[in-house]
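Down below is the structure, laid out as structure tokens.
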Amino acid sequence: MKFDSLAKILQGECALVLDAPLVLGFSGGPDSLALLHALHAERVPVLVAHFDHGLRPESAEEAHQAEEIVAGYSLPFFTERGDVAAHARQHSMSIEEAARELRYEYLFGVASSQGTQAVTVAHNADDQVETVLMHLLRGAGPRGLHGMALRSLPNPWSATIPLVRPLLGFWRQEILDYCRENGLQPVQDQSNLDTTYFRNRLRHELLPTLEQISPGIMQRLHRTADLLTAETEVLEELAEGAWKRCLGQRSKDYIQLNRPTFMVEPLALRRFLLRRAAQELRPGLRDLDYEAIQRALDLAQNSASAPRDWVAGLCLLVEGDHLWIADWEAELPVDWPQAPASELHIEAPASLELNRGWRFELHEAGDRRPINNSDPFQAWLDPDSIGGELVLRRRRPGDRFQPLGMESGSQKLAEFMINEKLPKRARATWPLLCKGEDIVWVPGYRLAHAYRLRKESRRVLQVKLLQSNGRVK
């Protein structure tokens with residue numbers, strides 16, 4: 001047989017041009033050798049790149065054999081040897097995942113440095129079935145079950161260079177027949193027979209058994225992947241809109257989602273958003289199982305939480321309206337008011353600049369009383385009950401508070417903050433308006449009962465915290 005449709009696949013489904021160079025990931029095995037031969041026959045400019053995983057003593061010799069094959073085509077050849085085992089240990093991942101991550105980082109590095117239009121690899125229909133089955137057994141969602149795409153852009157390694165797989169519609173036996181018919185001599189990779197690797201166990205043990213039990217299972221799984229690919233494309237378009245609605249702050253080591261907006265999205269989109277956040281922070285992460293997603297969904301229902309371990313060195317944290325997905329070592333931004341390290345003595349009128357655009361204001365309001373105060377970052381006090389100087393400070397050990405509505409007694413300030421779901425990271429530096437040892441106001445939460453306005457109050461003192469974009473909680 002011949003790959004008569006290869007040019008059409010490259011131009012149509014892979015969206016490439018035939019006269020621009022591309023990088024071919026080349027192991028020297030039957031699949032990549034058949035693709036190299038077919039691309040050469042179509043006169044597509046090819047740069048061949050081989051990554052030596054360094055896992056077996058014979059891998060260096062196989063890299064040399066691959067170079068000799070490419071020399072016969074007079075094509076540029078790039079090669080690099082990596083320490084996959086060390087990478088797997090360092091990042092707590094399987095050998096297979098570490099090999100994949102380093103291999104693709106290398107291929108896209110070559111493509112970027114050489115200015116090629118794409119990276120192409122020789123995955124076939126059998127690989128697609130194996131991938132779908134692997135994801136199914138690991139508990140993947142629709143995105144995992146639709147398997148690999150003919151063209152992936154953006155992908156975990158580049159936002160501008162596509163990854164293409166033009167042989168996904170060809171079965172392994174067709175490729176072996178092509179090699180035989182064209183006299184091609186592939187490099188034999190003995191690791192493909194090692195059933196200690198998950199994919200090899202599926203290939204050599206599980207799939208043959210499934211084929212005996214249910215003949216034609218390979219074709220049906222392949223068709224299922226095609227169906228799910230089309231349906232997942234629709235979901236991903238919807239998820240893109242949800243991502244824009246929910247995304248707050250982001251950096252290379254954290255993503256913050258707006259929790260109320262996130263919680264009203266349909267369940268399927270919430271799952272997509274969590275997977276996307278994890279994959280943006282961990283580009284090599286492919287599989288998030290059902291349990292991991294469910295843990296995150298359950299946590300997001302809370303209004304506050306301590307950081308919880310999630311996956312691949314990431315943690316989850318809920319702070320009011322914020323759902324954080326972050327590295328454990330990430331320095332998460334602070335967007336709440338903070339009292340200065342030294343207490344500030346205040347007399348009305350006063351206007352004090354705090355941090356991050358926050359400003360504290362205190363002034364006499366005559367006899368004007370609030371009709372309805374819906375802003376927790378402003379309050380009205382009875383100045384006669386205060387009688388003098390106020391202090392703005394941070395909390396101290398042993399602080400107690402008598403919140404508005406508690407007619408007698410008091411409670412520990414720490415307990416009040418916990419009950420009010422004040423983010424744990426904010427508690428130590430949260431500004432407190434005080435008179436002597438009494439806490440008069442916890443901005444954003446509650447006024448002290450003893451300093452409230454009464455019917456007999458003759459004057460009104462207004463205090464508020466403002467931010468450059470208005471009062472916020």
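The values are calculated or read from the model by the stated rules, or taken from the named source; none is laboratory data. Predicted model only: the values in this text are computed from it and were never measured. When we count neighbours, we look across all protein chains shown, and the Cβ atoms used for this are built from the backbone with ideal geometry, even at glycine. Heavy atoms of the whole protein, side chains included, go into the accessibility calculation; ligands, DNA and RNA do not. Shrake-Rupley method; radii C 1.70, N 1.55, O 1.52, S 1.80 Å.
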- Only one of (1) open to solvent by 40 Å² or more (accessible area, probe 1.4 Å); (2) out of contact with any Gly (no Cβ under 6 Å at 6 or more places or on another chain) does not apply to Asn258, and that is (2)
- Query: touching a Lys or Arg at 6+ places or on another chain (Cβ under 9 Å), within 29 Å of Leu207 (Cβ to Cβ) and crowded, with 17+ Cβ neighbours inside 10 Å, is that true of Ala98?
  - Reply: yes
- Could you list all residues from region 373-389 that are part of a loop (DSSP other than H, G, I, E, B), within 15 Å of Leu432 (Cα to Cα), of a type outside the set (A, V, I, L, M, F, W, C) and under 46 Å from the mean Cα position of the chain (by Cα)? Pro376
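The rows are residues; the columns are (1) within 33 Å of the chain's Cα centre (by Cα); (2) closer than 24 Å to Asn355 by Cα.
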| site | (1), (2) |
| --- | --- |
| Pro397 | no, yes |
| Glu415 | no, no |
| Ile418 | yes, yes |
| Ala428 | yes, yes |
| Leu432 | no, yes |
| Pro443 | no, yes |
| Ala450 | no, no |
| Leu453 | no, no |
| Glu456 | no, no |
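Please work out if Ala111 is in contact with a Pro (Cβ under 6 Å, 6 or more places away or on another chain), aliphatic (A, V, I, L, M) and at pLDDT 95 or above.
On the way: in contact with a Pro (Cβ under 6 Å, 6 or more places away or on another chain): no; aliphatic (A, V, I, L, M): yes; at pLDDT 95 or above: yes.
Judged against the criteria, Ala111 is not a match.
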- Message: Given the options Leu413, Leu422, Leu381, Leu392, name the one that is under 21 Å from Lys464 (Cα atoms), surrounded by 15 or more Cβ atoms within 10 Å (Cβ to Cβ) and in contact with a Cys (Cβ under 9 Å, 6 or more places away or on another chain).
- Response: Leu392
- Query: Just one of the numbered conditions (1) modelled with pLDDT of 95 or more; (2) in a helix (DSSP H, G or I); (3) farther than 27 Å from Ile325 by Cβ is not true of Phe262; which one?
  - Reply: (3)
- Filtered residue count, region 172-186, keeping only those that are assigned to a loop (DSSP other than H, G, I, E, B) and touching a His at 6+ places or on another chain (Cβ under 9 Å): 2
- Filtered residues of region 243-253 (kept if at pLDDT 95 or above and either hydroxyl-bearing (Ser, Thr, Tyr) or under 20 Å from Arg295 (Cβ atoms) (or both)): Cys246
- Got at least one residue in region 119-142 being farther than 21 Å from Leu210 by Cβ, under 20 Å from the mean Cα position of the chain (by Cα) and at pLDDT below 85? yes
- Item | Subset of region 65-79 (residues that are in a helix (DSSP H, G or I), more than 14 Å from Pro45 (Cβ to Cβ) and among the β-branched types (Val, Ile, Thr)) | Ile69
- Item | Pairs with Cβ under 6 Å, 6+ apart, first in region 153-172 and closer than 17 Å to Ala122 by Cβ, second open to solvent by 60 Å² or more (accessible area, probe 1.4 Å) | Pro162/Arg151; Pro162/Leu153; Val164/Arg151
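Table: residues versus (1) within 32 Å of the chain's Cα centre (by Cα); (2) surrounded by 14 or more Cβ atoms within 10 Å (Cβ to Cβ); (3) modelled with pLDDT of 95 or more.
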| residue | (1), (2), (3) |
| --- | --- |
| Arg172 | no, yes, no |
| Gln185 | no, no, no |
| Arg199 | yes, yes, no |
| Gly216 | no, no, no |
| Ala239 | yes, yes, no |
- Message: Return the pair list, or none, for Cβ contacts closer than 9 Å from residues in region 16-44 that are more than 14 Å from Asp4 (Cα to Cα) to residues that are at pLDDT below 95 and in a strand (DSSP E or B), at least 6 apart or on different chains.
- Response: Leu16/Arg151
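What about Pro383, is it more than 30 Å from Val318 (Cβ to Cβ) and in contact with a strand residue (DSSP E or B) (Cβ under 7 Å, 6 or more places away or on another chain)? If you could, list the steps in order and put the result at the bottom.
Working: more than 30 Å from Val318 (Cβ to Cβ): yes; in contact with a strand residue (DSSP E or B) (Cβ under 7 Å, 6 or more places away or on another chain): yes.
The answer is yes for Pro383.
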- Query: For region 261-276, which residues satisfy the criterion of being free of Cβ contacts under 8 Å to residues at least 60 places away in the same chain, open to solvent by 30 Å² or more (accessible area, probe 1.4 Å) and under 15 Å from the mean Cα position of the chain (by Cα)?
  - Reply: Arg270, Arg276
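Taking His135 as the residue in question, decide whether it is outside any helix (DSSP H, G or I) and either aromatic (Phe, Trp, Tyr) or in contact (Cβ under 8 Å) with a residue 60 or more places away in the chain (or both). Let's see the steps before the verdict.
Details: outside any helix (DSSP H, G or I): no; either aromatic (Phe, Trp, Tyr) or in contact (Cβ under 8 Å) with a residue 60 or more places away in the chain (or both): yes.
No.
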- Residue list for region 187-197, filter: open to solvent by 50 Å² or more (accessible area, probe 1.4 Å) and in a helix (DSSP H, G or I): Gln190, Asn192, Leu193
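Taking into account only those residues within region 344-375 that are open to solvent by less than 80 Å² (accessible area, probe 1.4 Å) and charged (D, E, K, R), which is modelled with the highest pLDDT?
Glu361
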- Message: Consider region 301-331. How many of its residues are open to solvent by less than 30 Å² (accessible area, probe 1.4 Å), in contact with a strand residue (DSSP E or B) (Cβ under 6 Å, 6 or more places away or on another chain) and at pLDDT below 90?
- Response: 2
- May I ask you to list pairs of residues, at least six apart or on different chains, whose Cβ atoms are under 9 Å apart, with the first in region 209-225 being in a helix (DSSP H, G or I) and the second being exposed (fewer than 10 other Cβ atoms within 10 Å of the Cβ) and of a type in the set (Val, Ile, Thr)? none
- Here are Leu107, Leu16, Leu33, Leu24: which of them is part of a helix (DSSP H, G or I), surrounded by 20 or more Cβ atoms within 10 Å (Cβ to Cβ) and within 31 Å of the chain's Cα centre (by Cα)? Leu107
- Scan region 138-169 for residues that are assigned to a helix (DSSP H, G or I) and closer than 13 Å to Asp226 by Cα and report the count. 4
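Check region 450-470 and report whether any residue there is open to solvent by 50 Å² or more (accessible area, probe 1.4 Å), under 30 Å from Leu316 (Cα atoms), among the polar types (S, T, N, Q) and not in a loop (DSSP other than H, G, I, E, B).
Checking region 450-470: not a single residue is open to solvent by 50 Å² or more (accessible area, probe 1.4 Å), under 30 Å from Leu316 (Cα atoms), among the polar types (S, T, N, Q) and not in a loop (DSSP other than H, G, I, E, B).
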